[in-house]
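Please read the structure below before turning to the comments.
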Amino acid sequence: MAIDFTLPSDVVAVRQRVRAFMENEVGAAEERMRREGHWRRGYAELRERAKAAGLWAPHMPAEFGGMGLGPLAMAFVSAECGRTMMGAYVLNCHAPDEGNMHTLLHHATAEQKERWLRPLVDGKIRSCFAMTEPEVAGSDPTGIRTAAVRDGDHWMLNGHKWFISGARGAAFAIVIAKTDPDVQPPQARNTAFIVETDTPGFNIVRDVETMAGHGNHCEIRLENVRVSESAILGGRGQGHRLGQARLGPARLAHCMRWIGSAEKALEMLVGRALERELHGGVLADKQLVQAMMAESAMELYAAKLMVLHAAYLIEQGAPFRQEVSIAKHHVANMLWRITDRAIQVHGALGYSTDTPLESMLRHARSARLVDGADEVHLSQIAAHVIEAFRAEGTTRGATGRDLL
Ligand SMILES: Cc1cc2nc3c(=O)[nH]c(=O)nc-3n(C[C@H](O)[C@H](O)[C@H](O)COP(=O)(O)OP(=O)(O)OC[C@H]3O[C@@H](n4cnc5c(N)ncnc54)[C@H](O)[C@@H]3O)c2cc1C
């Protein structure tokens, strides 16, 4: 029998090291910061400690200074990171840098890698990914209006982007712009450019305030931003393909972190239910609360299996779009539901800012929008189901491929 759910000993070992680091260092520091009300201070030191502990850029190959873990091993590492607010940042595998590192690793020239990937992996610089625009639907990147026009041996970029995570403080942006407006198919019209953020005309308008506060999701205006031909990443007309290739693993990395967050919420739910006394017992005795625990356990378990299977497919070089879409939609929604249930069981305390749950819920809401809104994934999942049925007379190929 080929299926073996036993984890390789090296993965168990790395998970144990990351788990201990997240609990003893990051979690403990964040709890202190939350109590004292000064976020973000102390992260530089934690990053240094992660580096010293050999827990740095786990998703990047050793030749660039990372740990060289594949998507499957990363699932376990990221889930541990997700139990804290900034664990992924501390290990330098946070969005959007994590996705940008992968993009550069697979699509950049040797020169671009030395210039941008190496310092990014080293943690000396940060980056952002600029695709979404306020005027057109982000769910359909063929509508992108930011234009890149030839200007001698350079390109001139003009456009308007927003919700560009990490833009403030980033050294460069990977900007998706339209270079070939008349080419067919429309997916071949966009090109990715590496744009240094101190280039004249790269103007950050504001850090858009969201329901989770200011998260450095910026609005940007590109006004006559002049870049050389060597700024093109992955080839002219490859912007859409590059975005899609980037989003598969990046979406899954989000899922892995969200699993850690949901697990933490469920543990808080159970912990509270076991200690909160009422009517001569505790909340955990109540079947209605037990139902919340059971629903959450089932959803979390399904999420883990989906993410591991999708990571396995990516690692095998097999097609993965359907499985990543299913995992992304399921995980984003189970994160929302489990965090909401944890708040419910905490009563007024859950609604207060005395626990991290309210912040976790506000952050969880964006999971159903980023990296493809729920409905985009649902429609793609349905399209794959129809396609599989038409091709093979069965939907098996779109519901886990060779599983069962
Ligand atoms: C916290 C956060 C961080 C982000 N970071 C980045 C970033 O770093 N870089 C970047 O480029 N972008 C980023 N984004 C933008 C994100 O990628 C877009 O919000 C997303 O692609 C959706 O685009 P939109 O907001 O324009 O919504 P629209 O495309 O206008 O869609 C609006 C709604 O329409 C519905 N919808 C869409 N398609 C369909 C369909 N086929 N059928 C039925 N209903 C549909 C969905 O409910 C969707 O929410 C971020 C967004 C958030 C919230």
* Structure fact -> Nearest-0.05 FRET efficiency for A13 and D151 at R0 = 56 Å, using Cβ-Cβ distance, is 0.60
* Structure fact -> Restricted to the chain, the DSSP antiparallel beta bridge percent, nearest 5, is 85
* Asked: For the residue pair V385 and H106, what label-to-label distance in nm results when each label sits 7 Å from Cα along the Cα-to-beta-carbon direction?
  -> 2.7
* Would you calculate a helix-derived [θ] at 222 nm for the chain, using -39,500 (n - 2.57) for each DSSP H run of n ≥ 4 and dividing by the full residue count, to the nearest 500? => -15000 deg cm²/dmol
* Using a 1.4 angstrom probe on heavy atoms only, work out the carbon and sulfur share of the accessible area of the chain in %. => 54
* Asked: Can you run phi through the Karplus equation (6.51, -1.76, 1.60; θ = phi - 60°) for segment 77-83 and list ³J(HN,Hα) in whole Hz, with x for Gly and Pro?
  -> 5, 5, 5, 5, 4, x, 6
* By how many nm would the segment from D402 to A53 lengthen if fully extended, with 0.36 nm per residue of separation less the alpha-carbon distance? -> 121.7 nm
* **Heavy atoms of M211 accessible to a 1.4 Å probe, total area in Å² rounded to 10** => 120
* Sort the following peptides by mean Cβ neighbour count (other Cβ atoms within 10 Å, averaged over residues), highest first: 285-294, 26-35. => 26-35, 285-294
* Of A342, H377, F5, whose Cα points farthest to the positive end of the dipole of the chain (charges on the beta-carbon: +1 Lys, Arg; -1 Asp, Glu; origin at the Cα centre)? -> A342
* Asked: Taking the simple approach of a point 7 Å from Cα along Cα-to-Cβ for both E275 and A137, what is their distance in nm?
  -> 4.8
* Only Cα pairs under 8 Å and at least 6 apart count here; give the relative contact order of the chain as a rounded whole percent. => 13
* Report, ordered by chain and residue number, the aspartates and glutamates lying within cross-link reach of K51, taken as a straight Cα distance under 12 Å and ignoring same-chain residues fewer than 8 apart. => D122
* **Per residue accessible area of segment 1-62, 1.4 Å probe, in Å²** => 64
* From a point 7 Å beyond the Cα of L369 in the direction of its Cβ, which residues of segment 165-208 have a backbone N at a distance under 18 Å? -> 165-168, 205-208
* For I220, distant residues with modelled amide H under 5 Å away -> K161, W162, V205
* To do: Give the long-range amide H neighbours of T197: residues separated by 5 or more places, or on another chain, with amide H under 5 Å away, using H modelled in the peptide plane at 1.01 Å from N.
  => F172, A173
* Spin-label point model (7 Å from Cα, Cβ direction): what's the E209 to E31 distance in nm? -> 3.3
* Which of the lysines could a cross-linker span from K304 if the Cα-Cα distance has to be under 18 Å and same-chain partners fewer than 8 positions apart are dropped? -> K264, K328
* Taking the Cα centre of the chain as origin and charging only Cβ (+1 Lys, Arg; -1 Asp, Glu), how large is the dipole, in debye to the nearest 20? -> 160
* Heavy-atom accessible area order for E111, E133, E25, E375, largest first, 1.4 Å probe -> E111, E375, E25, E133
* **Calculated FRET value between R236 and D354, using beta carbons and R₀ = 41 Å, to 0.05** => 0.15
* Amide H to amide H, which residues 5 or more places from T210 or on other chains are under 5 Å from it, using H placed in the peptide plane? -> G215
* To do: Give the peptides 167-179, 197-209, 309-321, 251-263 in descending order of average Cβ contacts within 10 Å, highest first.
  => 251-263, 167-179, 309-321, 197-209
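The values are calculated or read from the model by the stated rules, or taken from the named source; none is laboratory data. Here the structure is a predicted model, which is why all the values come from computation and not from measurement. Cβ coordinates were reconstructed from backbone atoms using ideal geometry, including for glycine residues, and neighbour counts include every protein chain displayed. Note: accessible area is taken over every heavy atom of the protein model, side chains too, but ligands, DNA and RNA are not part of it. Shrake-Rupley method; radii C 1.70, N 1.55, O 1.52, S 1.80 Å.
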